[in-house]
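No value in this document is a laboratory result; all are computed from the given coordinates. Because the structure is predicted, anything quoted here is derived from the model rather than measured. Heads up, the Cβs are rebuilt from the backbone with ideal geometry, glycines too, and the neighbour counts pull from every protein chain shown.
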Amino acid sequence: MKTFFDSKTNKVSQLVWLIFVILMVLLSLNYPNVGVDGSYYISIARDVFADGIPYYKMAVEYNPLAIYFYGIPYLLTSEIETQYFFLVVFAIQLISVAVFYKVLTLLKIKQQIKTFTIILFMLYSLFLGGISIYLEPLMLLFMLLTTLFLFKKKYFLSGVFLFLSFYTKQYALAFAIPIFYWVVMDDDKRIIKNFSLFKSGFFTVLILMYVIHFNQIDFWDYLKRLVGIMGVEGAIKITGGQSVLMYLASFVLIPTVFIFVPFSFYLLKFIKIDKYIVFFILAFLSTMLSIYFSVILYYFYAIIPWSIFILAIALNKLNYSIIVYKFSINKVLKYLTIYTVIVFGAYGWYSKYNNTIHKYNRDIAVSKVLVDVVPKNSKVYLKISPAQYYYGNYRSANYKKLGYTFPRTRAYNTVLDQIEKDSYLIFYAVEDSLVTKKLKDNYDFIECINNKYNVFKKVK
């Protein structure tokens, strides 16, 4: 019996998906939009690698591993083309594709289904985070490696890679939920030994990272920094945390944008549920916990792949004569694929194209007018877009207390006190009446740029 995977629709769709993948890669290299998050990570990486400032001395809310990865180009030179940072992202994604493929092979997925789901994974990855600089690509890579070694019963290595994922971003710790299930349900029943191996891998690297990066601070403070509840000189506000209603509302994104996700779960109705499927369901749900802190599209980068695994297993087991909503599985796959081509291909490419070029041109234009007044390499606190830390090559106005944290995470009166002498403060001119009254004693007015940006300098 011929399946959807033998059809021209499948072959043409995969070709179109690959074309969109290539176009998005070219887009990011021609218009390397670092953005707000990317500027934050790269600025810290620059300070660590180029300026030699130890990570433990900086006020940073996130764990450092991805930031170190993005700092790799600084090992070669301090003058770096922006495209090199995106090449690091693409290298991480290519390795993720290879690991994803290895897991599918371990699951004995048919080659046609592997090809289909791999390309789908690539498309989702680039749409959600592939043309910007985020922590999620590296976090997901280590999650995939954790899964690969877990299925291979190499529990020590699985523990190592879970810690590395957590050392990239704290949300990864929730991935321990499906791991706990897997170890308990493992066929050989050596639960205590396997847990011991897993914990040994996790805590070995935890201690090793302390010795390498944080040995100048108390071990307990190191642990508190790892979970994101403490900065260098006091507590840092944990961003996020929303109402349960808003969290549940975020699930609406799944059927409307990621149409293959509900379809993957619906197909479970027609197959026998095994421990692999339960693992991937738990992986999907545990990574969804990150959305509680903030409903941001790129957070789905580390969520959607687990539903693609479910899709691959379900399609691998299915009888294709089954009727779904009065259509055969083959027809449903055909329509969903066409839908995905339109939404994630045509529309996704169009929106990414417009947004990327617009943001890139806007940030470059703002940088040109700022550096004429505030020289590059100056110490600056930005109450405007933090992207300018990167484009202006600006340094933090106080590494230990402010770092490059976003304005919304700090009380403004506290910020004014913590900005160091001879540092600049830049904020929107519309805030003039609210802000300038607090600056009279310690700050000199420098200039209002284009009637849009006020620049002050702290003099005492």
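Within segment 369-458, what percent of beta bridges assigned by DSSP are antiparallel, to the nearest 5? List each step's numbers first, then the result.
Details: 11 of 16 bridges.
In segment 369-458, approximately 70 percent of DSSP beta bridges are antiparallel ones.
Contact order, relative form, for the chain: 20 percent (alpha carbon pairs under 8 Å, 6 or more residues apart, mean separation divided by residue count).
Name the long-range amide H neighbours of Leu425: under 5 Å, sequence gap of 5 or more, or other chain; modelled H, no Pro or chain starts. So Leu425 has HN proximity to Tyr381, Phe456, Lys457, Lys458. Going by the alpha-carbon gyration tensor, a ≥ b ≥ c the square roots of its eigenvalues, is the chain rounded (a/c under 1.5) or, if a/c is not under 1.5, prolate (a/b greater than b/c) versus oblate? Prolate.
Taking amide H atoms as placed 1.01 Å from N in the peptide plane, the amide H of Asn63 lies under 5 Å from those of Gln170, each 5 or more residues away in sequence or on another chain.
Just the number, please: percent antiparallel of the DSSP beta bridges in the chain, rounded to the nearest 5. Don't skip to the answer; put the middle values down first.
Numbers: 14 of 19 bridges.
About 75 percent, rounded to the nearest 5.
From the square roots a ≥ b ≥ c of the eigenvalues of the alpha-carbon gyration tensor of segment 369-458, which class results: rounded (a/c under 1.5), prolate (a/b over b/c), or oblate? Don't skip to the end; give the middle numbers.
Values: a/c = 1.35, a/b = 1.02, b/c = 1.32.
Note, shape of segment 369-458 comes out rounded.
Sorting 304-311, 274-281 by their mean Cβ neighbour count within 10 Å, with the most densely packed peptide first, gives 304-311, 274-281. For segment 110-121, 3J(HN,Hα) computed residue by residue from phi via the Karplus equation (6.51, -1.76, 1.60; θ = phi - 60°) reads 4, 4, 4, 6, 4, 4, 4, 6, 5, 5, 4, 4 Hz, glycine and proline entered as x. Distant-in-sequence amide contacts of Ser328, defined by a placed amide H-H separation under 5 Å and a gap of 5 or more residues or a different chain, comprise nothing. Quick one: grab the alpha carbon gyration tensor of segment 112-151, order the square roots of its eigenvalues as a ≥ b ≥ c, and give me rounded if a/c is under 1.5, else prolate or oblate depending on whether a/b is larger than b/c. Oblate shape, in that a/c is at least 1.5 and b/c is the bigger or equal ratio. Over the residues of the chain, the helix contribution to mean residue ellipticity at 222 nm works out to -17000 deg cm²/dmol, using -39500 (n - 2.57) for each DSSP H run of at least 4.
Residue by residue, segment 284-297 carries 3J(HN,Hα) couplings of 4, 5, 5, 6, 5, 4, 5, 5, 4, 6, 5, 8, 10, 4 Hz when phi is fed to the Karplus relation 6.51 cos²θ - 1.76 cosθ + 1.60 (θ = phi - 60°); x denotes Gly or Pro.
Its Cα centre serving as origin, segment 369-458 has a Cβ charge dipole (Lys and Arg +1, Asp and Glu -1) of approximately 320 debye. Pairs spanning more than 23 Å between alpha-carbon atoms, out of Lys152/Lys269; Lys193/Lys224; Lys154/Lys189; Lys152/Lys317; Lys359/Lys457: Lys152/Lys269; Lys193/Lys224; Lys359/Lys457. Relative to the Cα centre, the charge distribution of the chain, modelled as +1 at Lys and Arg Cβ and -1 at Asp and Glu Cβ, gives a dipole magnitude of about 1260 debye. Applying the criteria of a DSSP loop state and at most 15 other Cβ atoms within 10 Å to the trypsin sites (Lys or Arg not before Pro) of segment 86-123 yields Lys108, Lys110.
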